[in-house]
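Before any comments, here is the structure.
The values are calculated or read from the model by the stated rules, or taken from the named source; none is laboratory data. Bear in mind that the values here come from a model prediction, so they are computed numbers and not experimental data. Virtual Cβ from ideal backbone geometry, glycine too; neighbours counted across all protein chains shown. Surface accessibility is based on the protein's heavy atoms, side chains included, excluding ligands, DNA and RNA. Shrake-Rupley method; radii C 1.70, N 1.55, O 1.52, S 1.80 Å.
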Amino acid sequence: MAATLTEYDALEDCARNIFGRVMWSHKIQEKQADIYLYESRGLAICSIVLSSVVSCGLIATLFVDPYWLKLVSTLMSCISTILIAVIKRFDFEKLIQNHREFATRYLAVKDQLMLLLYQIRLHDKDCDFLEEELRSLVSKVSEINSIAPQTTNCAVSLASAALHKHKDDDITDEEINNGLPPSLRKECKK
């Protein structure tokens, strides 16, 4: 039995909705990795600065002996030790890698959904076949969602800004053309 346009339209609506959620999840995981990267860099810089202050204080105590200098050096040493413990505890490199891995997983499904949307729009495949493809992709998304690392509200806000304000996922014809040989380029509309 041939599928009606309404069936293709309904299937397309479902696929577009899932595509949108996957697009968001991909961007949120990317932004969470960025947050951890910035935090780890900031903590590393603080650690270096604190270690330098402690070293300067200790060297200074060789030449002068005020009590306040010993107190400040000791306090900075304690803060430095706590900071190093925090850096070791959170293992930022592993957190960053984990979020980037899941961003890549979402991106792969997002690309598959885009191809499915293309096939749905062409109506050249049976609607039942396309529905089965969509079910398979939904299953992949559910699997990824069940094991994806937790993200923060800050990552959601950054993803929102990236997608809406900065148009992170928009690629212009000109940008695509820059990566293609002349024979594969498309004329840009102005």
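A compact table of results
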read-out	value
Set Lys27/Lys88; Lys31/Lys88; Lys31/Lys94; Lys27/Lys167; Lys27/Lys165; Lys31/Lys167 screened for pairs whose C-alpha atoms are more than 18 Å apart	Lys27/Lys88; Lys31/Lys88
Residue-averaged 222 nm ellipticity for the chain, from DSSP H runs of 4+ at -39500 (n - 2.57), nearest 500	-28000 deg cm²/dmol
0 to 90° range, to nearest 10: angle between helix 67-90 axis and the chain longest Cα axis	20 degrees
Estimated FRET transfer efficiency (Ala60, Lys88; beta-carbon r; R0 35 Å; 0.05)	0.75
Top of His99, His26, His123 by mean-square fluctuation, Gaussian network on the chain, Cα under 10 Å	His123
Residue-normalised accessible area of region 96-183, expressed per residue, 1.4 Å probe, Å²	66 Å²
Over the chain, relative contact order from alpha-carbon pairs under 8 Å, at least 6 apart, %	34 percent
Separation of the Glu7 and Cys46 label points, Cα + 7 Å toward Cβ, nm	6.0 nm
Gaussian network model of the chain, springs between alpha carbon atoms under 10 Å - residue of Leu158, Leu130, Leu71 with greatest fluctuation	Leu71
Fluctuation leader among Ile79, Ile59, Ile18 - the chain, Gaussian network, Cα springs under 10 angstrom	Ile59
Solvent exposure ordering (accessible area, 1.4 Å, most first) of Tyr8, Tyr36, Tyr118	Tyr118, Tyr36, Tyr8
Carbon plus sulfur fraction of accessible area for region 7-151, probe 1.4 Å, in percent	61 percent
Region 91-190 shape via C-alpha gyration tensor axes, a/c threshold 1.5	oblate
Accessible-area ranking of Lys88, Lys186, largest first, probe 1.4 Å	Lys88, Lys186
Lys/Arg +1, Asp/Glu -1 at C-beta; region 63-158 dipole; positive extreme among Leu107, His123, Ala155	Ala155
Region 36-89-region 167-190 distance, computed between alpha-carbon centres (Å)	50 Å
Region 1-99 - percent relative contact order, Cα under 8 Å, separation 6 or more	39 percent
Charge dipole (the chain, unit charges on Cβ, about Cα centre) - positive-most of Gln97, Leu50, Thr172	Leu50
Contour excess over end-to-end distance, with Cα ends at Ser157 and Trp68 and 0.36 nm allotted per residue	27.6 nm
Size of electric dipole in the chain: Cβ of Lys, Arg +1 and of Asp, Glu -1, about Cα centre, debye, nearest 20	920 debye
